[in-house]
Amino acid sequence: MSILQYSFMQYALLAALLAGIACGIVGSYVVAKRIVFISGGISHAAFGGIGIGYFIGLNPILTAIPFSLLSAIGIGLISRRTKVHIDTTIGAFWAVGMAIGILFVALTPGYAPDLFSYLFGNILTVSPSDLKLMLILDIVIVLTTFLFYKEFLAICFDEEFAEVMGMPVEGLYLLLLCLVALSVVVLIRIVGIILVIALLTIPSAVVKRFAHSLKQLMFFSIISATILTIIGIWLSYLLNLPSGATIVLTMGIVFAISIFLKRFY
């Protein structure tokens, strides 16, 4: 408990809670809708926004928000309105986003500080301004989910039925992808762009094996993501290991254990 006297550790624990909220809610939709690789494409495309932020001298997280949203909308529209296969679309946005980020970082004079943390995460370096931004994005995610819970539920489990009922399926799908984009931004400082996909999927994947409704899945995913992130922080501090990778490996071990336990549940 002595580590809690340090302000950076207090910030890290608050970040774990805020990340858990985003992971639990949006991750449940990602797992239920089976759009894990779309999430990966959006997260890697967000690096383009990081690079632009470095180049123009703004907080890279702020520029990652519109870039992630545009990438999410682009992937959604191209995959639904053209004959281009979804895997091809994801791969294109994934590669182009990373390339744009690398290009602008290279064009930025001097050394790009904290670039490694944006790629692989470092929750121990989260600042009060990062926490405020994460809180705002979490509020947007929670409010949007509250307002469109039934609609998202319908398109996740039976898109054809939702269309028959007159729901704007394409608009709802794009809105869901925008929530994924916002979650990516929330999680970048925790585990980095490279590992975001793990935080968005593993906690919900673990809980899904035991949950019986979407609300249960969301609630226990939030708890699971928060607890596992805190355990990962503690282990990384104790063993002097990279925090992002330690958090993801902790979740991976729990996921493997859940598969084993499910056989006897």
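The values are calculated or read from the model by the stated rules, or taken from the named source; none is laboratory data. Worth saying up front: this structure is predicted, and the values here are computed from it rather than measured. Note that each Cβ is placed from the backbone with ideal geometry, even for glycine, and that neighbours are counted across all protein chains shown. With ligands, DNA and RNA removed, areas are computed over all heavy atoms of the protein, side chains included. Shrake-Rupley method; radii C 1.70, N 1.55, O 1.52, S 1.80 Å.
Would you mind finding the one in A205, A211 that is assigned to a helix (DSSP H, G or I) and either open to solvent by less than 40 Å² (accessible area, probe 1.4 Å) or of a type outside the set (F, W, Y) (or both)?
A205
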Return the only residue of I78, I90 being in a helix (DSSP H, G or I) and touching a Gly at 6+ places or on another chain (Cβ under 8 Å). I90
Tabulated pairs, the range 65-81, first of a type in the set (D, E, K, R), second open to solvent by 30 Å² or more (accessible area, probe 1.4 Å), C-beta under 7 angstrom, 6+ apart or interchain: R80/E170
Out of V206, V185, which single residue is β-branched (V, I, T), over 30 Å from G74 (Cβ atoms) and in contact with a helix residue (DSSP H, G or I) (Cβ under 7 Å, 6 or more places away or on another chain)? V206
Unmet criterion (only one of (1) of a type in the set (S, T, Y); (2) in contact (Cβ under 8 Å) with a residue 12 or more places away in the chain; (3) closer than 28 Å to I247 by Cβ) for T89: (3)
Extreme residue, surrounded by the most Cβ atoms within 10 Å (Cβ to Cβ), among residues of the range 48-106 that are over 18 Å from V185 (Cα atoms) and aromatic (F, W, Y): F104
Which of the helices (runs of 4 or more DSSP H) contained wholly in the range 125-190 include at least 2 residues that are under 30 Å from S236 (Cα atoms) and touching a residue at least 40 places away in the same chain (Cβ under 8 Å)? 128-147
Applying the selection to the range 203-243, what residues are among the polar types (S, T, N, Q) and in contact (Cβ under 8 Å) with a residue 40 or more places away in the chain? S204, S221, S224, T226, T229, S236, S243
Can you name every residue in the range 119-174 that is open to solvent by less than 20 Å² (accessible area, probe 1.4 Å), under 30 Å from V105 (Cβ atoms) and among the small types (G, A, S)? G121
Would you point out which residue out of L238, L261, L217 is farther than 20 Å from G192 by Cα, hydrophobic (A, V, I, L, M, F, W, C) and either open to solvent by less than 70 Å² (accessible area, probe 1.4 Å) or not in a helix (DSSP H, G or I) (or both)? L217
Considering (1) at pLDDT 90 or above; (2) within 26 Å of D130 (Cβ to Cβ), say which one I38 fails and leave the rest. (1)
